[in-house]
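Have a look at the structure below, then the notes.
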Amino acid sequence: MAAGRRVLITGIAGQLQGLVAQALEQRDDVAAIVGVDVREPQHELARTEFVRADLRNPVVGRTLDTADIDTVLHLSLATSSPDGRSRAQVKERNVIGAMQLFAACQKAPQVQRVVLKSTTAVYGSDYADPARFGEEGGPRSPTRTGVGKDAVEVEGYLRTLGRQRKDVDVTILRFANLLGPRVDSSFHSLFTLPVVPTVLGFDPRLQFCHEDDAVGVLEHVATDETPGLYNVAGEGVLYLSQCVRLAGRVAAPVPLPLVSAVAGLIRRSGRADLPPDQLRFLQYGRVVDTTRLRERLGYVPRYTSRQAFEDFVEQRQIHGLIDREDVARWERELGAFLRASPQWPTATRREQVRP
């Protein structure tokens, strides 16, 4: 086989990881792919070698050497509590697993590039947040709970690796909420509920990344020399109320003092995972700046945030009480009315009215 990248993918049993492996298998400049997980992958993979191992196991380090891996895609940072795992178990796998993996990378002289799939949850959600978070910005106060805290720690360990191994390119991708027909996320589970719980008096701004764009940007950074830190999201924003209407769902506003109790009931029912950091997200939302993604990394998402959400609703066959075509028509009419109104601020028109 011709010379090319030799890639290791963590969490290969996951939906996104399997899609990334399939994409890399089609490339002539990728010579070998190794997937690591405790579970077997469900995707049809032609030339991806599977290694059954936990990231905390020394087998991973030996795999780096045996397979002569030069590119590591760490994609197994959990953003929810799958399979009924406790928060402590998720944190241990996220943080301790990453520590062990990066330690193994540091000892492997052939490793040239490490890519981390992180999350915009590192910015937190707060009433005093900026309109858009840039990569060099940070939350008003440190993220103290949930996957955001895990991601901050894991990113820190990867930066340490980059400082200790100057010859290793380090890339961190902070993804907005992933949506698509195949990839599951904590946010998408909200729309499997009969009604969508919201926080009374709050209508957060949201961004989404379509699964095809997530695969595309990961394929891009695995094969090009693009170290750095990048926010990854589709252009534009949606309000939660818009998402509810586009999905044809009905909102169930919950008074703020009762939100934690209601979230606990939903979590125990197994219908959706709503950890404390997700509840703040449903209050204040989060929007990031993706200029660096487009201009420095050279990747332009195919889907806007709205298109990603609409495709998610269509492909997942989410049927509600209100027809989506009626919602789109009403929003176009409302947008036209507001744009024609002299009292409507120009800046607000650009960002909030997206017919």
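The values are calculated or read from the model by the stated rules, or taken from the named source; none is laboratory data. Every value quoted in this text rests on a predicted model; they were computed, and no experiment measured them. Here the Cβ is made from the backbone with ideal geometry for all residues, glycine too, and neighbour counts use every protein chain on show.
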Yes or no: the range 281-297 includes at least one residue that is modelled with pLDDT of 95 or more, among the aromatic types (Phe, Trp, Tyr) and within 17 Å of the chain's Cα centre (by Cα). no
Subset of the range 223-276, residues of a type in the set (Lys, Arg) and in contact with an Asp or Glu (Cβ under 7 Å, 6 or more places away or on another chain), comes to Arg267
Sole exception among (1) part of a helix (DSSP H, G or I); (2) without any contact (Cβ under 8 Å) to a residue 40 or more places away in the chain; (3) not β-branched (Val, Ile, Thr) for Gly97, by number: (2)
Considering only the range 278-304, state which residues are surrounded by fewer than 18 Cβ atoms within 10 Å (Cβ to Cβ) and not polar (S, T, N, Q). Tyr284, Asp289, Arg292, Arg294, Glu295, Arg296, Gly298, Val300, Arg302
Within the range 268-277, can you find the residues that are part of a helix (DSSP H, G or I) and surrounded by 15 or more Cβ atoms within 10 Å (Cβ to Cβ)? Asp277
